[in-house]
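This report refers to the structure that appears directly beneath it.
Just so it is clear, none of the values below were taken in a lab; they were calculated from the coordinates. What you see is a predicted model, and the numbers here were worked out from it, not measured in a lab. Here Cβ is always computed from backbone atoms with ideal geometry, including for glycine, and neighbour counts include all displayed protein chains.
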Amino acid sequence: MPRIFAVESSCDESSIALLEDEKLIFNLVLSQTDLHSKYGGVVPEIASRRHLEVIPILLNEAVEGYGLDLDRIDAIAVTKGPGLIGALLVGITFAKSLAYVLKKPLIGVNHLIGHIYSLFLTHRDLSPPIVVLLVSGGHTELILMKDHGNFEVLGRTLDDAAGEAFDKVARILNLGYPGGPQIDRISKFGNPKAYRFPRALMDGKNLDFSFSGLKTSVKYFVQKNEHFKVEDVAASFQEAVVDVLIQKSIWACEISGVMKIGVAGGVSANSRLRKRMSELERDGFKVFFPSKDLCIDNAGMIARAALEKYKKGEFEELSLNAIPYLSID
């Protein structure tokens, strides 16, 4: 099997990985959370500069710590989009330089498809078709993966992504950044039924999402009420998000006739979502999550997605450029 070296730099995680025989030899990730936390979100210019600093350091660590032999690499993969344009360009420029010097084929990978393949890294016997709920800071989509390389978007967010809503509500509740882990943590001490927040687009098996109204509802609630338990608000908000994600996943399965659900992306690490989604197995569904270290942006998932393109000989020219608004369809 080919040895694929991959680079991921679409947002605020710098990562490189090596895949061999569908197994990760290493998957090095350096998060920038501490850098951006004081700003309450990712600052694109800071993210780009940090990628520029640390990706060569990660490569050196791979060479010295894992014995990476660049001459034995069969292909170099890199995230081409979607993401922050500056951050993407750092990774792409680095990968293109390696491909040129080493005379290796270059593979451009859609970051969203990379998240889907985090499922295949964790569950090596997983096979299509599968309904994928992709939930992250920038994206919330329901995707029917009919086969490798064959994807159909069944529904997507019309405004805020689920992860974005988590971050914004965490900011409203003064919980800090990143908001997802903070709300997940504090919700364990709250009552998810304390307050009833809206669940949007829940009529007629609509597979699109909308979380902007939910976020605004929480904002107005906090502004109008002096006395409330933060943990109850957090838990009630989280429950509203999870209710929508689960119900629409069920509808997607009913419409497509596929009883397998894969949940991927940063929000797939949420403990409440994992618990309630796993309960669907009592009703005959098969539910798959990536391991928690593969929920965040990482080069391992990019390498695994690139493997399928390598098999088909789908390579890029060195003129490859970043596509910040790249979609699956």
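Enumerate the lysines that residue 312 could reach by cross-link, defined here as Cα to Cα under 24 Å, with residues fewer than 8 away along the same chain left out. Partners within reach: 23, 80, 96, 103, 104, 146. Simple spin-label estimate for residue 321 and residue 100 gives 1.6 nm between the two label positions (7 Å along the Cα-to-Cβ direction from each Cα). Most simply put, the chain has about 60% antiparallel DSSP beta bridges, counting only bridges with both residues inside it.
List every DSSP H helix in the chain whose Cα atoms extend 27 Å or more along the helix's own long axis and whose mean Kyte-Doolittle hydropathy is at least 0.0.
Qualifying helices, which must be both long enough and hydrophobic enough, are 44-66, 230-256.
Charges at C-beta only: +1 for Lys and Arg, -1 for Asp and Glu. How large is the resulting dipole of the range 1-63 about its Cα centre, in Debye rounded to 20?
140
To one decimal place, what Kirkwood hydrodynamic radius in Å is obtained for the range 116-204 from all pairs of distinct Cα atoms? Spell out each step's value before the answer.
On the way: mean 1/r = 0.0652 Å⁻¹.
By the Kirkwood definition, the hydrodynamic radius is 15.3 Å.
Amide H contacts of residue 75 (H built 1.01 Å from N, in plane; Pro and chain starts excluded): 3, 5 sit under 5 Å, all sequence-distant by 5 or more or on other chains.
Name the residue from 82, 70, 118 whose Cα lies farthest towards the positive end of the charge dipole of the range 21-125, charges +1 on Cβ of Lys and Arg and -1 on Cβ of Asp and Glu. The residue sitting farthest along the positive end of the dipole is 82.
Normalized C-alpha radius of gyration of the range 127-290, against 2.2 N^0.38 Å?
Values: Rg = 15.5 Å, N = 164, 2.2 N^0.38 = 15.3 Å.
For the range 127-290, the normalised Cα radius of gyration is 1.02.
For the chain, what is the charge dipole size about the Cα centre, in debye to the nearest 20, if Lys and Arg each add +1 at the Cβ and Asp and Glu each add -1 at the Cβ? Can you show the working numbers first?
Details: 38 positive and 41 negative charges, 143 e Å.
Using only the charged Cβ atoms, the result is roughly 680 debye.
Among beta bridges identified by DSSP and lying wholly in the range 127-290, the antiparallel ones come to about 60 percent.
If I stretch the segment between residue 193 and residue 85 completely, what's the gain in nm (0.36 nm per residue apart, minus their alpha carbon distance), one decimal? Write out the running numbers ahead of the final one.
Numbers: separation 108, 0.36 × 108 = 38.88 nm, distance 4.07 nm.
That works out to 34.8 nm of additional length.
Evaluating kT/(6 pi eta Rh) at 25 °C and 0.890 mPa s, with the Kirkwood radius of the chain over Cα pairs in the Stokes-Einstein relation, gives 121 µm² s⁻¹.
Of all trypsin sites (Lys or Arg not before Pro) in the range 3-63, which ones are in loop regions per DSSP and have a Cβ with at most 10 other Cβ atoms within 10 Å? Write down the numbers at each step before the final one.
On the way: sites: 3, 23, 38, 49, 50; in loops: 38.
Counting only loop positions with at most 10 other Cβ atoms within 10 Å, the trypsin sites (Lys or Arg not before Pro) in the range 3-63 are 38.
With the simple model of a label 7 Å out from the Cα in the direction of the Cβ, residue 219 to residue 314 spans 3.9 nm.
Cut-off 20 Å, label point 7 angstrom out along Cα-to-Cβ of residue 205: give me the residues of the range 129-151 whose amide nitrogen falls inside. Those under the cut-off are 129-134, 141-146. Between the beta carbons of residue 174 and residue 22, assuming R0 = 35 Å, the FRET efficiency works out to 0.20 to the nearest 0.05.
Could you give the length gained on full extension between residue 212 and residue 243, defined as 0.36 nm per residue of separation minus the Cα-Cα distance, in nm?
Details: separation 31, 0.36 × 31 = 11.16 nm, distance 1.55 nm.
Stretched fully, the residue 212-residue 243 segment lengthens by 9.6 nm.
Where the only charges are on Cβ atoms (+1 Lys, Arg; -1 Asp, Glu), what is the dipole of the range 127-290 about its Cα centre, to the nearest 20 debye? The partial results should precede the final answer.
Numbers: 22 positive and 19 negative charges, 80 e Å.
For this selection, approximately 380 debye.
Our estimate of slack between residue 153 and residue 53, defined as 0.36 nm per intervening residue step minus the Cα-Cα distance, is 32.4 nm. Among the GluC sites (Glu not before Pro) in the range 239-329, those located in a DSSP loop and surrounded by at most 10 other Cβ atoms within 10 Å of their own Cβ are 317.
What is the fewest-to-most order of 58, 280 by other Cβ atoms lying within 10 Å of their Cβ? Please report the intermediate quantities before stating the final value.
Working: 58 20, 280 17.
By the 10 Å Cβ count, ascending: 280, 58.
Treat the count of other C-beta atoms within 10 Å as a stand-in for reagent exposure and order 295, 253 from fewest to most. Mind dumping the intermediate values first?
On the way: 295 24, 253 20.
Ordered by Cβ neighbours within 10 Å, fewest first: 253, 295.
Bridging of residue 224 to lysines at a Cα separation below 25 Å is possible for 168, 188, 193, 215, once same-chain residues fewer than 8 apart are set aside. In a DSSP loop and with at most 11 other Cβ atoms within 10 Å, there are no chymotrypsin sites (Phe, Trp or Tyr not before Pro) in the range 174-281. Between the range 77-104 and the range 133-185, the C-alpha centres lie 25 angstrom from each other.
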